[in-house]
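Engineer: Have a look at the structure that comes next, please.
Read-outs: derived from the displayed coordinates by stated rules, not from any lab. Note that the structure is predicted; figures quoted are calculated from it, not measured. FYI the Cβ positions are ideal-geometry reconstructions off the backbone, even for glycines, and counts take in every protein chain you see.
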Amino acid sequence: GGRVMSISLEKVSYIYEDNSDIKKPALIDIDLEIGEGEFIGIIGHTGSGKSTLIQHLNGLMEPTKGRVYFEGKKSLRGKVGLCFQYPEHQLFETTILEDVCFGPMNFGASKEEAVKAAKEALKDVGISEELFGKSPFELSGGQKRRVAIAGILAMKPEYFILDEPTAGLDPEGRVQLLELLKRLNQEQGITIILVSHSMEDIASYVDRMIVMNRGRLEFDGDKEEVFSHQEELEQMGL
Ligand code: ADP
């Protein structure tokens, strides 16, 4: 009880192919609490359990064992936005504005409400109005990704989880994107959770760092505190 305004995991384990002989434990006994307004980085090696973990944070997956609470409830539909890797691969509408409207309309917004939310979201991600009527496919890589992110922001998530959001971007595109996320966190109070396999990339932006290792939550704390475990982090290949 009393866990308002947070996502919390209690002793969460997840096993792929639990009913077969080749059980694959992907999460083991995870205790985790995420508060409103935090800016968190989740790092870990490939296969350490990061993507399984974030799919529990937005309710896409349910634990094999343990419990997940969203603001004390069982579900937080629509409040947790999840941005998969290379989200621009999902752009498909004929214009940028229509593409960003898709999410809110799918959630039951009227056309008018959706257009309003989409315009705000596009402004937030730095896409100027003269581009709204263009095809998403005319944009640069960094712009496409920001349009895809606007598509999630238009649904007004309170928690925004992004899996490797800077993958494949050039250095300038990376900085722009991380700066954008910082602004969303600071100005709109959106809780941001970034997944990365590179500490370097996200270290100067996040406040709190979570380190996954072979399905376990190895470290969780202020980034300075986590960085002080340099030897262990190196052993994990980070
Ligand atoms: P990460 O995102 O850190 O790369 P994952 O959560 O994708 O880690 O994977 C954690 C573990 O679960 C790995 O051992 C991986 O092989 C296994 N795994 C992931 N997805 C599946 C799946 N669909 N079926 C079986 N095993 C899986």
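Engineer: Taking loop as defined by DSSP and a crowding limit of 10 other beta carbons within 10 Å, which chymotrypsin sites (Phe, Trp or Tyr not before Pro) in region 48-139 fit? Show your work: numbers first, answer last.
Structural biologist: Values: sites: TYR69, PHE70, PHE84, PHE92, PHE102, PHE107, PHE132, PHE137; in loops: PHE84, PHE92, PHE107, PHE132.
Taking region 48-139 and a limit of 10 other Cβ atoms within 10 Å, the loop chymotrypsin sites (Phe, Trp or Tyr not before Pro) found are PHE92.
Engineer: What are the trypsin sites (Lys or Arg not before Pro) within region 15-74 that DSSP puts in a loop, where the Cβ has at most 12 other Cβ atoms within 10 Å? Can you show the working numbers first?
Structural biologist: Working: sites: LYS23, LYS50, LYS65, ARG67, LYS73, LYS74; in loops: LYS23, LYS74.
In loop regions of region 15-74 (DSSP not H, G, I, E or B), the sparsely surrounded trypsin sites (Lys or Arg not before Pro) are LYS23, LYS74.
Engineer: Something else about it: Over 24 Å apart: what share of the alpha carbon pairs of the chain falls there, rounded to a whole percent? List each step's numbers first, then the result.
Structural biologist: Details: 13150 of 28203 pairs.
So the portion of pairs separated by more than 24 Å is 47 percent.
Engineer: Any idea what the relative contact order of the chain is, in percent, if you count C-alpha pairs under 8 Å spaced at least 6 apart?
Structural biologist: Working: 451 pairs, mean separation 65.4, N = 238.
Relative CO of the chain lands at 27 percent.
Engineer: Let me ask something additional. With θ set to phi - 60° and the Karplus curve 6.51 cos²θ - 1.76 cosθ + 1.60, what are the ³J(HN,Hα) couplings of region 21-33 in order, to the nearest whole Hz, using x for Gly and Pro?
Structural biologist: Per residue, the Karplus-derived 3J(HN,Hα) values read 6, 9, 3, 10, x, 10, 10, 10, 6, 8, 10, 7, 10 Hz.
Engineer: Quick one: the Cα spread of region 153-238 along its three principal axes, in angstroms, biggest first?
Structural biologist: Between the extreme Cα coordinates on each principal axis of region 153-238 lie 40, 27, 22 Å.
Engineer: Compute, for region 182-238, the length of the dipole vector about the Cα centre, with Cβ point charges of +1 (Lys, Arg) and -1 (Asp, Glu) only. Units Debye, rounded to 20. Intermediate results must be reported in sequence, preceding the final value.
Structural biologist: Details: 6 positive and 12 negative charges, 65 e Å.
That gives a dipole near 320 debye.
Engineer: Which angle from 0 to 90°, rounded to the nearest 10, does the C-alpha axis of helix 111-124 make with the longest principal axis of the chain?
Structural biologist: 70
Engineer: Right, here's the next one. I need the GluC sites (Glu not before Pro) found in region 69-109, filtered to DSSP loop residues with at most 16 other beta carbons within 10 Å of theirs.
Structural biologist: Here the GluC sites (Glu not before Pro) that fit, given the DSSP loop and packing criteria, are GLU71, GLU93.
Engineer: Just from its helices, what would the mean residue ellipticity at 222 nm be for the chain, if runs of 4 or more DSSP H residues each count -39500 (n - 2.57) and the sum is divided by every residue, rounded to the nearest 500 deg cm²/dmol?
Structural biologist: Numbers: 8 runs with 80 residues, N = 238.
One gets -10000 deg cm²/dmol as the mean residue ellipticity at 222 nm.
Engineer: Sort THR52, THR64 so that the residue with the fewest other Cβ atoms within 10 Å of its own Cβ comes first and the one with the most comes last. Spell out each step's value before the answer.
Structural biologist: Numbers: THR52 23, THR64 15.
Ascending Cβ contact count within 10 Å gives the list THR64, THR52.
Engineer: For region 71-127, restrict the atom set to alpha-carbon positions and state the Rg and Dmax in Å.
Structural biologist: For region 71-127, the Cα-based Rg and Dmax read 12.8, 40 Å.
Engineer: Any idea what diffusion coefficient region 5-68 gets from Stokes-Einstein, in µm²/s, Kirkwood Rh on alpha carbon pairs, 25 °C, 0.890 mPa s? Kindly include the intermediate steps, with their values, before the conclusion.
Structural biologist: Details: Rh = 12.4 Å.
Stokes-Einstein gives a translational diffusion coefficient of 198 µm²/s.
Engineer: What is the order of GLU172, GLU218, GLU38, fewest Cβ neighbours within 10 Å to most? Walk me through the numbers on the way to the answer.
Structural biologist: On the way: GLU172 9, GLU218 19, GLU38 16.
Going from least to most buried by this count: GLU172, GLU38, GLU218.
Engineer: Considering amide H positions built from the backbone, and no H for Pro or chain starts, which residues 5 or more places from ALA26, or on another chain, come under 5 Å of its amide H?
Structural biologist: TYR14, ILE15, TYR16
Engineer: OK, next. Among GLU112, GLU158, which comes first, then next, by fewest other beta-carbon atoms within 10 Å?
Structural biologist: Working: GLU112 8, GLU158 19.
If I rank by nearby Cβ atoms, fewest first, I get GLU112, GLU158.
Engineer: A follow-up question, please. Which percent, to the nearest 5, of DSSP beta bridges fully inside the chain are antiparallel? List each step's numbers first, then the result.
Structural biologist: Working: 20 of 39 bridges.
Of those bridges, close to 50 percent are antiparallel.
Engineer: Expressed as an acute angle from 0 to 90° and rounded to the nearest 10, what is the orientation of the C-alpha long axis of helix 141-153 relative to the principal long axis of the chain?
Structural biologist: So the inclination is approximately 80 degrees.
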